[in-house]
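Peer 1: Sending over a structure as structure tokens; questions will come in a sec.
The values are calculated or read from the model by the stated rules, or taken from the named source; none is laboratory data. Just so it is clear, the model here is predicted, and its values are computed rather than measured. FYI the Cβ positions are ideal-geometry reconstructions off the backbone, even for glycines, and counts take in every protein chain you see. Surface areas here come from the heavy atoms of the whole protein model, side chains and all, with no ligands, DNA or RNA. Shrake-Rupley method; radii C 1.70, N 1.55, O 1.52, S 1.80 Å.
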Amino acid sequence: MHRRTFLQAASAPLGLAAVNRFVPPMTDPVSGSVSGSVSGPAVHTTPRASVVVIGAGAFGGWTALHLREMGHDVTLLDAYGPGNSRATSGDETRQIRCGYGDRLLYARSAQRAMVAWHEREREFGVSLLNPTGRLQLAPDWTPSLRATQATLTTLAVPFEAMTTDDLRRRYPQMNPEGMGVGLLEPGALVIRAKQAMLAVSQAFQRKGGTLRISRAQPGTTDGGRLVDVRLDDGSRLAADTFVFACGPWLPKLFPALLRSRIQVPGRDVLYFGLPSGDQRLAFPNFPNYSEERYYGFASIDGRGFKVCPTTGTNSFDPDVDERIISATEVRRARAYLAQRFPSLAGQPITESRVCQLENTADEHFIIDRHPEMANVMIAGGGSGHGFKHGPVIGNYIAKRALGEATDGDFDHMVRLAR
């Protein structure tokens, strides 16, 4: 197999430069139509509608911020607060990359989101992004890898295809045995997840939005519309429009509609300490990596080398289940490290998390109007890939909630009835 390097991609900054060349920052993140700047847009001074957003995670937090920047009177509700340890948007790090198999709409959204993340980082004045790159590993070329290669080519996103020998030369800290293919996307990033959600919430409040820490349930309905939500202190909050973007809590709030559509599996996330003085598996010396049954990141901020087995419990309650890692998953992770990253064999676990996903069967988002309440938007099904799209999807959800025009193909892909 021969190595192919597009646009002379050899580093993350060059990858970002290419994204900026091909996606103007002034485009709407999903539709591509021209709109206002993503970075620090002015807030209209006269509220035009009252909106309650339930859930301060990647979908809800960004939606609330965009709605406030559009000039609306917005209240953001979250049962535990932005960036909390129960949230699907919690933990320390998340990845943003454009490689998406043949799912061009998501790849294009991620490409625009990458630009938006950089602009928002500058606006927020908080360090959020690490230009790591992403390396996909496989024994041989699969249809999914070929599709990713084609999609990246279509979007002019730099990538490099590597053989086993290439991998051995480029990354001597990794044992590439059994891996005949490496597909590197050098422009991929790692986002400081918790800090990002806190920064979004703080920007929302600075711009006049209201954040309340409270659990919300659908309240009174009248004529096919939701009148208010009921809060856990017994009070009620009325609005013109409601957006339920509360991730793994959606099946609890709308069981008849969503329990069969959204599953909530749990996953263990493990961080292993690096050997003293050995930074070969720390950022920026090694990229994000993935192969069948495992993925992870280099050590960032000294937290440790991240290993995530892609198996675990199939049903997880984000409110009451204990977040204690499984001894079985620890053994699997250690066996994997001994094989793929020998310098970490025997190294201690420095941190751990138990997270949950919110999966749909086809791993497409659900962003659609409630079939029985015309002023209620449901936004969820983020699976493991929703976080990266945050600044893009928040804009999209805000427009959908207000009845504004959005991209028809994307609307169809994320519809409820499928």
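Peer 1: Looking at the range 342-352 only, could you name the residues that are open to solvent by 60 Å² or more (accessible area, probe 1.4 Å), touching a strand residue (DSSP E or B) at 6+ places or on another chain (Cβ under 8 Å) and assigned to a loop (DSSP other than H, G, I, E, B)?
Peer 2: Scanning the range 342-352 gives a single hit, Pro348.
Peer 1: Give the residue, chosen from Leu184, Leu198, that is touching a residue at least 24 places away in the same chain (Cβ under 8 Å), part of a helix (DSSP H, G or I) and open to solvent by 10 Å² or more (accessible area, probe 1.4 Å).
Peer 2: Leu198
Peer 1: Let me ask something else. Would the range 80-96 turn up any residue that is hydrophobic (A, V, I, L, M, F, W, C) and in contact with an Asp or Glu (Cβ under 6 Å, 6 or more places away or on another chain)?
Peer 2: no
Peer 1: Looking only at strands (runs of 3 or more DSSP E) that fall completely inside the range 46-133, which ones have 3 or more residues that are over 24 Å from Gly403 (Cα atoms), among the acidic types (Asp, Glu) and touching a strand residue (DSSP E or B) at 6+ places or on another chain (Cβ under 9 Å)?
Peer 2: Correct list: empty, since no element meets the threshold.
Peer 1: So which residues in the range 271-281 are touching a strand residue (DSSP E or B) at 6+ places or on another chain (Cβ under 9 Å) and more than 20 Å from Arg168 (Cβ to Cβ), if there are any at all?
Peer 2: Tyr271, Phe272, Gly273, Leu274
Peer 1: Find all pairs meeting these conditions: Cβ atoms under 6 angstrom apart; at least six residues apart or on different chains; first residue within the range 250-262 and under 16 Å from Met377 (Cα atoms); second residue open to solvent by 80 Å² or more (accessible area, probe 1.4 Å).
Peer 2: Pro251/Arg259
Peer 1: Taking into account only those residues within the range 364-407 that are among the hydrophobic types (A, V, I, L, M, F, W, C) and in a strand (DSSP E or B), which is nearest to Ala58 (Cα to Cα)?
Peer 2: Only one residue tops the list, namely Ala379.
Peer 1: Among the residues of the range 301-309, is any open to solvent by less than 10 Å² (accessible area, probe 1.4 Å), in contact with a strand residue (DSSP E or B) (Cβ under 7 Å, 6 or more places away or on another chain) and either without any contact (Cβ under 8 Å) to a residue 24 or more places away in the chain or within 26 Å of Val414 (Cα to Cα) (or both)?
Peer 2: No, the conditions are met nowhere in the range 301-309.
Peer 1: Still on this structure, I have one more. Given (1) modelled with pLDDT under 95; (2) in contact with a strand residue (DSSP E or B) (Cβ under 8 Å, 6 or more places away or on another chain), where does Ile367 come up short, assuming only one miss?
Peer 2: Result: Ile367 passes all but (1).
Peer 1: Which number in (1) basic (Lys, Arg); (2) out of contact with any strand residue (DSSP E or B) (no Cβ under 6 Å at 6 or more places or on another chain); (3) under 22 Å from Ser383 (Cα atoms) marks the one condition that Arg170 misses?
Peer 2: (3)
Peer 1: Another one. All but one of (1) of a type in the set (A, V, I, L, M, F, W, C); (2) open to solvent by 10 Å² or more (accessible area, probe 1.4 Å); (3) not in a strand (DSSP E or B) hold for Cys355, so report the exception by its number.
Peer 2: Going through (1) of a type in the set (A, V, I, L, M, F, W, C); (2) open to solvent by 10 Å² or more (accessible area, probe 1.4 Å); (3) not in a strand (DSSP E or B) one by one, Cys355 breaks only (3).
Peer 1: How many residues are surrounded by fewer than 18 Cβ atoms within 10 Å (Cβ to Cβ) and assigned to a strand (DSSP E or B) when one looks only at the range 206-239?
Peer 2: Total meeting the criteria: 9.
Peer 1: Cβ-Cβ distance below 6 Å, separation of 6 or more or different chains: which pairs start in the range 112-134 with a residue that is within 9 Å of Val190 (Cβ to Cβ) and at pLDDT 95 or above and end on one that is open to solvent by 30 Å² or more (accessible area, probe 1.4 Å) and in a strand (DSSP E or B)?
Peer 2: Once the first residue is within 9 Å of Val190 (Cβ to Cβ) and at pLDDT 95 or above and sits in the range 112-134, no partner that is open to solvent by 30 Å² or more (accessible area, probe 1.4 Å) and in a strand (DSSP E or B) comes close enough.
Peer 1: Among (1) open to solvent by less than 10 Å² (accessible area, probe 1.4 Å); (2) within 16 Å of Gly81 (Cβ to Cβ), there is one condition Phe242 misses while meeting the rest; what is its number?
Peer 2: Of the numbered conditions (1) open to solvent by less than 10 Å² (accessible area, probe 1.4 Å); (2) within 16 Å of Gly81 (Cβ to Cβ), the odd one out for Phe242 is (2).
Peer 1: So Asp268 ticks every box in (1) assigned to a loop (DSSP other than H, G, I, E, B); (2) under 26 Å from Gly60 (Cα atoms) but one. Which box is left unticked?
Peer 2: Unmet condition: (1).
Peer 1: Also: Tell me, which residue of the range 131-149 that is in contact with a helix residue (DSSP H, G or I) (Cβ under 9 Å, 6 or more places away or on another chain) and small (Gly, Ala, Ser) is surrounded by the most Cβ atoms within 10 Å (Cβ to Cβ)?
Peer 2: Gly133
Peer 1: Quick test for you: out of Gln263, Gln279, Gln339, pick the one residue that is within 19 Å of the chain's Cα centre (by Cα), modelled with pLDDT of 95 or more, open to solvent by 10 Å² or more (accessible area, probe 1.4 Å) and not basic (Lys, Arg).
Peer 2: Gln263
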